[in-house]
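First the structure, in the form of structure tokens, and then the observations on it.
Each reported figure results from applying straightforward, stated rules to the coordinates on display, with no laboratory input. Model, not experiment: these values are computed from the prediction. Backbone-built Cβ (ideal geometry, glycine too); neighbour counts: all protein chains shown.
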Amino acid sequence: MISSLSVGLRDARMAVEAVLASARDRHRSLAISVVDASGTVVYQVRQDGATPVDVRNAERKAVTAAYIGRDTSMWRLQIRHDGRTVADWANPQLTTLHGGWTLRRESQVIG
């Protein structure tokens with residue numbers, strides 16, 4: 001039997017709190033999304049002042065990291081090196097914007 005791990009609500013909240021704690025000194029409103037391995041939103045935070053575009057980009061970053069299995073900034077470097085673009089994947093949910101991090105547990109992508 002093949003078993004797959006997933007990110008739960010408790011872990012998603014911890015991830016969001018870690019991002020918020022590291023960004024406290026930046027004085028910028030953030031939108032943060034955590035998705036499971038299938039790209040479904042598990043937990044999302046929109047700080048006061050964050051725009052709808054910020055929320056949408058947070059979702060796209062999280063979906064990309066889970067779908068591709070690597071952080072968005074690293075994926076950007078890879079596809080540039082390979083002479084490709086995001087359009088090659090024919091998926092409008094994907095982005096190379098910096099800030100999408102892949103969540104792993106026991107070497108499996110969980111979000």
Practice task
Filter the DSSP H helices in the chain by two things, a Kyte-Doolittle mean of at least 0.5 and an axial alpha-carbon span of 18 angstrom or more, and list the hits by number.
Solution key: 9-22
Exercise for the section: Collect residues whose amide H, placed 1.01 Å from N in the peptide plane, falls under 5 Å from the amide H of G100; neighbours closer than 5 in sequence don't count. Expected result: T72, S73
Problem - Mean Cβ neighbour count within 10 Å, used as a protection proxy, ranking 58-69, 92-103, 32-43, 77-88 highest first - result: 58-69, 32-43, 92-103, 77-88
Problem - 15 Å beta-carbon shell around V109, net charge (K/R +1, D/E -1) - result: 0
Practice task
Over 15 Å, how big is the tail of the calculated P(r) for the stretch 9-106, in percent of all Cα pairs?
Solution key: 61
Practice task
Return the calculated 222 nm mean residue ellipticity for the chain, to the nearest 500 deg cm²/dmol, obtained by summing -39500 (n - 2.57) across DSSP H runs with n ≥ 4 and dividing by the residue count.
Solution key: -12000 deg cm²/dmol
Fill in the blank from the handout: Charge tally for neighbours of D48 with beta carbon under 15 Å away, counting Lys, Arg as +1 and Asp, Glu as -1, is +3
Exercise for the section: Would you tally the net charge around D71, using a Cβ to Cβ cut-off of less than 12 Å, leaving D71 out, and scoring K and R as +1, D and E as -1? Expected result: +4
Problem - Under 5 Å, built H, 5+ apart or other chain: amide partners of V35 - result: V42
